[in-house]
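Notes follow the structure.
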Amino acid sequence: MPLPAPPSRTELIEHLVRTRIAGDVATPRENNLSHYRKLANGDRHFWLGLELGDRWTDEQDVLAVMAERCGVSDDPDHRQGQDTIDPDLTVGALDRAAAQLRKAAESRKRVLFATGHPGALLDMHGTLALALRLAGCEIVRAPLGLYPDDGVVVQFSGVAVYERGASLWHTHSPEPMRQILDAFERAEEPLPDLVVADHGWAGCAAQHGVDAVGFADCNDPALFLGEAEGTLSVAVPLDDHVTDPRFYEPMTAYLLASADLSAD
């Protein structure tokens, strides 16, 4: 199905708020703070493949970055109820992501797409992959025979995902991306020039030294910390699983138009 016409910045912000991709999002404040605390306490599940060392052991420091880069409330006494993603920050990050895509297209880079949210973001990643392929980029194929976390890495429309029990799974794990990159290195093949992904797929790639664009929810602070430290190229704040994947289509159209790309 063709994408809708690219919205203006104002139209996109209105759409993001209306569909709760940004603005008053579904993720509750208490869930956000719980994840920030667990990351600060060293729970690697919440590091998303990044190596944060002992640099983020204070939950309030994590909250400050999330307020700056994602738009959650910066009030430490706001402990429960509604939290937010600033749609202006979302669109600003989309503009930075578009610059990465445009640069990749101009130089015909090797780009790897992956998602830990196949139920929501697979179409978006697939559309971006097609646009870059049409622009002359090589869309990197994941090696066969990778079995992370008792599942398998598979690819649809150029997008790597995690399959287990004949179903595509939501995963935060960095292990699928780690196995992909390790397989390239064992085969003495070049790594991707750019990874466009989310969750541990993006964090692991960035930690490995690959330029990475990551889409991240307000309860996934690691990618925003990685961007703040300069490890991750861009972290795009958004609710990464709203009720209908089609809600992401105007955002995808905006991203392609900003990158001077077309999926046609």
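The values are calculated or read from the model by the stated rules, or taken from the named source; none is laboratory data. Keep in mind it's a predicted model, so treat the numbers as computed, not measured. Positions of Cβ are backbone-derived with ideal geometry, glycine not excepted, and every protein chain shown enters the neighbour counts.
When you check ASP149 against the structure, is it part of a helix (DSSP H, G or I) and free of Cβ contacts under 8 Å to residues at least 40 places away in the same chain, yes or no? Before the answer, list the steps.
Working: part of a helix (DSSP H, G or I): yes; free of Cβ contacts under 8 Å to residues at least 40 places away in the same chain: yes.
So ASP149 passes the test.
The single residue among VAL65, VAL91 that is surrounded by 16 or more Cβ atoms within 10 Å (Cβ to Cβ), at pLDDT 95 or above, closer than 19 Å to VAL242 by Cα and touching a Phe, Trp or Tyr at 6+ places or on another chain (Cβ under 9 Å) turns out to be VAL91.
For the stretch 28-74, the tally of residues that are part of a loop (DSSP other than H, G, I, E, B), among the hydroxyl-bearing types (Ser, Thr, Tyr) and more than 25 Å from THR10 (Cβ to Cβ) stands at 1. Figure legend. Inter-residue proximity from the stretch 29-47: first residues without any contact (Cβ under 8 Å) to a residue 12 or more places away in the chain and more than 18 Å from GLY71 (Cα to Cα), second residues in a helix (DSSP H, G or I) and of a type in the set (A, V, I, L, M, F, W, C), beta-carbon distance below 9 Å, spacing 6+ or different chains. Indicated pairs: LYS38/PHE46. Scanning the stretch 118-157 for residues that are crowded, with 17+ Cβ neighbours inside 10 Å, of a type in the set (Gly, Ala, Ser) and under 16 Å from the mean Cα position of the chain (by Cα) turns up ALA120, GLY126, ALA129. In this structure, PRO148 does not qualify as modelled with pLDDT of 95 or more, closer than 18 Å to ALA205 by Cβ and out of contact with any Asp or Glu (no Cβ under 7 Å at 6 or more places or on another chain). Scanning the stretch 169-219 for residues that are assigned to a loop (DSSP other than H, G, I, E, B), farther than 26 Å from HIS241 by Cα and of a type outside the set (A, V, I, L, M, F, W, C) turns up GLU188, GLU189, PRO190, PRO192, ASP193, HIS208, GLY209. Do we have any residue at all in the stretch 191-198 that's modelled with pLDDT of 95 or more, surrounded by fewer than 22 Cβ atoms within 10 Å (Cβ to Cβ), over 12 Å from ALA114 (Cα atoms) and out of contact with any Pro (no Cβ under 7 Å at 6 or more places or on another chain)? There is at least one residue in the stretch 191-198 that is modelled with pLDDT of 95 or more, surrounded by fewer than 22 Cβ atoms within 10 Å (Cβ to Cβ), over 12 Å from ALA114 (Cα atoms) and out of contact with any Pro (no Cβ under 7 Å at 6 or more places or on another chain). Apart from one condition, VAL242 fits all of (1) outside any loop (DSSP other than H, G, I, E, B); (2) more than 23 Å from VAL65 (Cβ to Cβ); (3) out of contact with any His (no Cβ under 6 Å at 6 or more places or on another chain); the exception is (1). Residues that are in contact with a Gly (Cβ under 9 Å, 6 or more places away or on another chain), surrounded by 13 or more Cβ atoms within 10 Å (Cβ to Cβ) and more than 21 Å from TRP201 (Cβ to Cβ) within the stretch 35-57 comprise just one, THR57.
Does THR90 satisfy the condition of being under 18 Å from the mean Cα position of the chain (by Cα), outside any helix (DSSP H, G or I) and at negative phi?
Working: under 18 Å from the mean Cα position of the chain (by Cα): yes; outside any helix (DSSP H, G or I): no; at negative phi: yes.
So THR90 fails the test.
Please work out if ARG102 is buried (at least 20 other Cβ atoms within 10 Å of the Cβ), of a type in the set (D, E, K, R) and in contact with a Leu (Cβ under 9 Å, 6 or more places away or on another chain). Quick ask: steps written out before the conclusion?
Details: buried (at least 20 other Cβ atoms within 10 Å of the Cβ): no; of a type in the set (D, E, K, R): yes; in contact with a Leu (Cβ under 9 Å, 6 or more places away or on another chain): yes.
When the stated conditions are applied, ARG102 does not pass them.
Restricting ASP244, ASP260 to residues that are within 20 Å of LEU16 (Cβ to Cβ), surrounded by fewer than 17 Cβ atoms within 10 Å (Cβ to Cβ) and not hydroxyl-bearing (Ser, Thr, Tyr) narrows the list to ASP244. Beta carbons closer than 7 Å, at least 6 apart along the sequence or on distinct chains, never pair a first residue in the stretch 94-109 that is of a type in the set (D, E, K, R) with a second that is modelled with pLDDT under 95 and crowded, with 20+ Cβ neighbours inside 10 Å.
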